[in-house]
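Student: If you scroll down you'll find the structure; I have some questions about it.
Any read-out appearing in this document is the output of simple, stated calculations on the displayed coordinates, not a laboratory observation. What you see is a predicted model; the values in this text were computed from it and never measured. No Cβ is skipped: glycine too gets one built from the backbone with ideal geometry, and neighbour counts run over all protein chains shown.
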Amino acid sequence: MLETSHVVHITPCNRNVLVAQHKSYPADLQQYRWILKAGVTEVWYEKPDRAYLKAMKALERAGCDAADLTPTFDARPVSLETPKIWASRALTTPADDDVYHCTSGHSIDGGYAGTCHQCSEEKSEALEKTALVYWIVFTTYQASNPFVHGAHFNGRGIYKLVRCGSREAAITEAFYAAGVNGWNVAFSCVTRLDETFDECSGRIQKVDQLWMLADSEEEDQETLRVFY
């Protein structure tokens, strides 16, 4: 994917949104692992302190559930003037994405060089039969108290987790959050429905292609496969 950033104008909301397209790395997932692991959807949180994060890692190593997060009960999320959408591979890769560099010995007749049509069809069909979860982390700032519409934030970042069952739903959530509510789309990733963060006590494996989530030969109860 071309790594670029550009501003789009969402006409119905009269808002500019910065759309960033760049790769994700394990450090990006690690930054939001706390809310992916222990967060409840549709609830705003402040990022916990270092002591909680250390305790979370210790509990994971011991095979125990992470301690509950404390919601921001008086959440007043600011509508940012120019929110940012990180359009990562999780949001831009379709289920019928082409498979390149076939290693199964299939014949490639015509079409785009390097694309294996048989592999592409097989992987797409397997993905359609696999229940996936699209995870999105929204961020903005907590408004000052008392709340004044359009007031400046006071520097406290707040975070919210959303789960979707399809890429189309995830994209809709992302653009509504940014275009209407003015929140950043800070991170997104995909897992299998039966391999989620809250149930994982083992290691996390970054998969390079979305279709790898449907590969039954790679299933491992001690490993959470994540596409991002």
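Student: Enumerate the amide H contacts of Val43 below 5 Å, restricted to partners 5 or more residues apart or on another chain; note that Pro and chain-start residues carry no placed amide H.
Tutor: Leu161
Student: Using the structure shown, list the pairs from Lys37/Lys160; Lys84/Lys206; Lys23/Lys206; Lys57/Lys160; Lys37/Lys206; Lys23/Lys84 with a Cα-Cα distance above 19 Å, or answer none.
Tutor: Exceeds cut-off: Lys84/Lys206; Lys57/Lys160.
Student: Still on this structure, I have one more. To the nearest 0.05, what FRET efficiency results for Ala27 and Ser144 with a Förster distance of 35 Å applied to their C-beta separation?
Tutor: Computed FRET efficiency for Ala27 and Ser144 comes out at 0.65.
Student: Calculate the spin-label point distance for Asp198 paired with Lys54, positioning each point 7 Å from the Cα along the beta-carbon direction, and give it in nanometres.
Tutor: 2.8 nm
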